[in-house]
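Take a look at the structure set out below.
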């Protein structure tokens, strides 16, 4: 999608310097939203919240909390954006949020460079489950 003035929605699956939206649009206004419903319902630990917060601070993003789709749409309106750019989410929760955003603004989803190429899609949930599958691939060839 050929945007002229997009905003970036940075979410927790690509919260880092290699976010494809940030790489494609380095000067665009960017937003990270702490999803209060997810935090409450999933019982997200303070340690994980701290990790997300510190990671977001390193990404030069505006921080908000609340309903993610509503905050992204509001941010786009404030910046008179002609679209929203984000990374392709794996988590169905984030895909649902993306669909809500897309109902109000054109949304471009960019594929992130994978940390590791697994033989099958990663199992969502605990990081330890993912790491059990990823670690042997990461260290392959060393």
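Name the residues in region 111-142 that are closer than 16 Å to residue 92 by Cα and either touching a residue at least 24 places away in the same chain (Cβ under 8 Å) or outside any loop (DSSP other than H, G, I, E, B) (or both), would you? Those that are closer than 16 Å to residue 92 by Cα and either touching a residue at least 24 places away in the same chain (Cβ under 8 Å) or outside any loop (DSSP other than H, G, I, E, B) (or both): 111, 121, 122, 124.
Annotation for region 23-30: at least one member residue is touching a residue at least 60 places away in the same chain (Cβ under 8 Å) and in contact with a strand residue (DSSP E or B) (Cβ under 7 Å, 6 or more places away or on another chain). When residue 72 is tested against (1) in contact with a strand residue (DSSP E or B) (Cβ under 6 Å, 6 or more places away or on another chain); (2) under 14 Å from residue 111 (Cα atoms), just one condition goes unmet, and that condition is (2).
Among the helices (runs of 4 or more DSSP H) confined to region 1-105, the ones with at least 1 residues that are at pLDDT 95 or above and surrounded by 13 or more Cβ atoms within 10 Å (Cβ to Cβ) are located at 20-24, 68-78, 92-102.
Conditions (1) closer than 16 Å to residue 112 by Cβ; (2) free of Cβ contacts under 8 Å to residues at least 12 places away in the same chain, marked per residue:
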site	(1), (2)
15	yes, no
18	yes, no
33	no, no
45	no, yes
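The values are calculated or read from the model by the stated rules, or taken from the named source; none is laboratory data. Predicted model only: the values in this text are computed from it and were never measured. A quick note on method: Cβ atoms are made from the backbone with ideal geometry, for glycine too, and the neighbour counts reach across all protein chains shown.
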